[in-house]
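In what follows, a single structure is set out as structure tokens and then discussed.
Since every read-out is calculated from the coordinates, none of them should be taken as a lab result. Worth saying up front: this structure is predicted, and the values here are computed from it rather than measured. Here the Cβ positions follow ideal geometry from the backbone for every residue, glycine too, while neighbour counts run over all protein chains shown.
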Amino acid sequence: MNRSIRVNLGARSYDVQIAPGMMGQLSQLTLLPRARSAVVIADRVVAGLYGQQVLGVLKSAGLRGHLIEFPNGEANKTLATYSKIFDELFALRPAVDRDTIIVALGGGVSGDLAGFVAATALRGLRWVQVPTTLLADVDASVGGKTGVDTAAGKNLIGAFHQPICVFVDVLALRTLSDDDIRTGLAECVKHGAIRQVALLEFLESPANQSAIFARDADVLADLVGQNVAIKAQVIAADETEAGLRAHLNFGHTIGHAIETLLGYGRISHGQGISLGMIAACQLSLSRGLVEQSYASRLEKLLDQLGLQVRWAGLDGDEIIRIMQHDKKNRDGKIRMVLPVGPGRVDVFTDISADAIRATLRYLAG
Ligand SMILES: NC(=O)c1ccc[n+]([C@@H]2O[C@H](COP(=O)([O-])OP(=O)(O)OC[C@H]3O[C@@H](n4cnc5c(N)ncnc54)[C@H](O)[C@@H]3O)[C@@H](O)[C@H]2O)c1
Ligand SMILES: [Zn+2]
């Protein structure tokens, strides 16, 4: 079944189309005004798996297609890679001009990098996203945040640049590792916890859990659709993170600090935010904002999905120091999103260092 979800942003509105085999629908690009050429940007792994298929679709639709590859992994989401992509892009001139469409093919790293290229090349090119990881399907491909990491931190350089369309092909998840599926599932739990108990119930179903890991296309399309609808709703209410969009950071403040402390690669993003969500629940519990049964419920779900629920040996002072440098803080205060009931969260700015230390003791089990 095909699903199409509208991201309502006035003149920058677009559709997220979700279906098995959606990559074949890239021929729709020929419907765009002045569409003559498209440049596909993908990491080497994804280019090897899907690059020729996508180029084939573009070619048979009558578009000039080119593929630019970069080495995979978060470590390559840098200005150096961005600059190399530009060298290759401009070497294609005159085939590349202001009407060229950038196709971001791959996970969140390709999306952020290719999107930032599109945001800045020739003062802005049209771009489409073709996500191939569950994280990119349910999260990174909606909302138009693009950018790269620097030595000082993740995503510190970037721009808001909305794509003109998103093509989610759930069949691409067949080749994705279970660990990467889990990273995406952590974001799904986040979406349920901030907006929709029904999504938590969907994830709690043992039948759905098995179907997700068996890569059942219908269940995956349903899952992606529910998540995109939630993220689209949040983005439409607050495109540039002045308010509500901050709710999407649930689990991410402590989660990012844990990722930074352990070093990227020692723990996946999904595992980090799983711990972050559990820590946030504990803070809510200590303030009487949620019932014990709800904190236990979220923890049980994360555990069932194969996500990390305990981590010993986290250095509290270091975590707090890293949290104080979070770019989402205002006036040096630690801001955190905490659950205030099933499917509901709020932003708090009065989190004490002692309360954070107590939650880290809880995580140590
Ligand atoms: N822009 C946003 O709103 C937003 C939101 C969330 C996360 N992000 C960013 O997303 C990034 C993480 O994304 P990710 O988890 O998708 O990582 P990723 O893009 O690095 O992909 C993970 C790995 O899976 C491989 N891969 C991708 N698709 C595959 C497939 N179908 N089959 C087999 N292998 C495949 C990739 O080569 C890579 O090695 C981070 O940089 C994060 O900052 C951005
Ligand atoms: Zn995340």
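The Rg/Rh ratio for the stretch 1-124 is 0.95, where Rg is the radius of gyration of the alpha carbons and Rh is the Kirkwood radius. When DSSP beta bridges are restricted to pairs lying wholly in the chain, around 40% turn out antiparallel. Here the Kirkwood formula puts the hydrodynamic radius of the stretch 152-288 at 16.4 Å, using every distinct Cα pair. For the chain, the Kirkwood hydrodynamic radius from C-alpha pairs, put into Stokes-Einstein at 37 °C and a viscosity of 0.692 mPa s, yields a diffusion coefficient of 158 µm² per second.
Taking every alpha-carbon pair in the stretch 95-154 and binning the separations at 10 Å intervals from zero gives 25, 49, 23, 2 percent.
Multiplying the residue separation of residue 2 and residue 340 by 0.36 nm and subtracting their alpha-carbon distance yields 118.2 nm.
Max-minus-min Cα coordinates of the stretch 1-47 on each principal axis give 34, 30, 18 Å, with the largest extent listed first. What does the charge dipole of the chain about its Cα centre add up to, to the nearest 20 debye, if the Cβ of each Lys and Arg holds +1 and the Cβ of each Asp and Glu holds -1? Dipole magnitude for the chain comes out near 780 debye.
Note the direction-averaged projected area, equal to a quarter of the hull surface, for the Cα convex hull of the stretch 140-229, in nm².
Numbers: hull surface 28.0 nm².
Spelled out: convex hull of the Cα atoms, projected over all directions, averaged, 7.0 nm².
Between residue 286 and residue 318, residue separation times 0.36 nm minus the direct Cα-Cα distance comes to 9.3 nm. Note on the stretch 217-365: along the principal axes its Cα atoms extend 44, 35, 34 Å, ordered by decreasing extent. With the crude spin-label approximation of a point 7 Å out along Cα→Cβ, what separation in nm comes out for residue 88 versus residue 357? Going from the residue 88 label point to the residue 357 one covers 5.0 nm. Per-residue Cβ neighbour counts within 10 Å put 210, 37, 110 in the sequence 210, 37, 110, beginning with the fewest. Taking the fewest neighbouring Cβ atoms within 10 Å as the starting point, the ordered list for 311, 127 is 311, 127.
When the Cα atoms of the stretch 217-283 are aligned to their principal axes, the ranges along those axes come out at 35, 33, 23 Å in descending order. Using the Cβ-Cβ distance between residue 59 and residue 207 with R0 = 51 Å, the FRET efficiency computed as 1/(1 + (r/R0)^6) comes to roughly 0.80. Can you work out the FRET efficiency for the pair residue 262 and residue 157, with r the C-beta to C-beta distance and R0 = 22 Å, to the nearest 0.05? In this case the efficiency is close to 0.40.
With the convex hull of its Cα atoms as the shape, the stretch 95-201 has an orientation-averaged projected area of 8.3 nm².
Remind me, what semi-axes does the stretch 248-334 give for its equivalent ellipsoid, largest first in whole Å, using sqrt of 5 times each Cα gyration tensor eigenvalue? Walk me through the numbers on the way to the answer.
Values: eigenvalues 86, 59, 23 Å².
Values for the stretch 248-334, descending: 21, 17, 11 Å.
The stretch 172-210 and the stretch 28-92 have Cα centres spaced 29 Å apart. Whole-Hz Karplus values for the stretch 254-263 come out as 6, x, 4, 5, 5, 4, 5, 4, 6, x Hz, taken residue by residue from phi with 6.51 cos²θ - 1.76 cosθ + 1.60 and θ = phi - 60°; glycine and proline positions read x.
Give the whole-number value, in cubic angstrom per residue, of the convex hull volume spanned by the C-alpha atoms of the stretch 65-112.
Working: hull volume 3.8 nm³, N = 48.
Convex hull of Cα atoms, per residue: 79 Å³.
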